[in-house]
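Heads up, the thing below is written out as structure tokens.
The values are calculated or read from the model by the stated rules, or taken from the named source; none is laboratory data. Just so it is clear, the model here is predicted, and its values are computed rather than measured. Cβ placement follows ideal geometry from the backbone for every residue including glycine, while neighbour counts extend to all protein chains displayed.
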Amino acid sequence: MAKARWARCTAQPNSPHWSKKGKSVIFKTRVSCKGNIPKVHVQVRGKLLVCPGYCPPSTAATSNETKVLAVNAGGATYYTPKVGGKKVRGDGKYQGKVTVQITSPVKGTKGSASSKMVTVNTP
């Protein structure tokens with residue numbers, strides 16, 4: 001009997017912070033996968049939310065990126081906003097939210113994760 005092929009990925013969004021290099025408020029999402037297939041395509045859709053004063057939060061930036069990840073290896077980092085994308089400035093409370101899905105070799109279940117809401121002061 002053939003062994004079932006499977007992969008499972010976990011995503012951990014880091015807290016938003018000011019990136020000196022990117023000159024923007026950003027957050028990174030680290031994705032790693034385990035399973036018995038060599039690689040998977042993983043799509044991460046990110047939203048950087050901000051409360052400049054009063055909440056509810058509004059969307060300051062988005063990202064949508066698919067990468068090929070080796071299974072049982074180091075993983076990959078996704079950025080919101082994407083590298084070279086929209087610059088987000090301004091003091092406020094920021095939160096990162098992502099939806100994650102394996103898109104190939106077989107579509108997987110969508111998952112979601114959020115960072116803590118943190119205060120970021122920008123230069």
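When C51, C33 are checked against the criterion of being surrounded by 14 or more Cβ atoms within 10 Å (Cβ to Cβ), modelled with pLDDT under 95 and not charged (D, E, K, R), a single residue qualifies: C51. Scanning the range 40-56 for residues that are closer than 13 Å to T66 by Cα and of a type in the set (K, R) turns up just one, R45. Scan the range 65-123 residue by residue and report those that are assigned to a loop (DSSP other than H, G, I, E, B) and touching an Asp or Glu at 6+ places or on another chain (Cβ under 8 Å). Across the range 65-123, the qualifying residues are K82, N121, T122. Within the range 69-123, being closer than 28 Å to K23 by Cα, among the hydroxyl-bearing types (S, T, Y) and in contact (Cβ under 8 Å) with a residue 24 or more places away in the chain holds for T77, Y78, Y79, T80, Y94, T99, S114, S115, T119, T122.
Being surrounded by 13 or more Cβ atoms within 10 Å (Cβ to Cβ) and out of contact with any strand residue (DSSP E or B) (no Cβ under 6 Å at 6 or more places or on another chain) is the filter here, so list the residues in the range 19-30 that pass it. Hits for the range 19-30 are G22, K23, S24.
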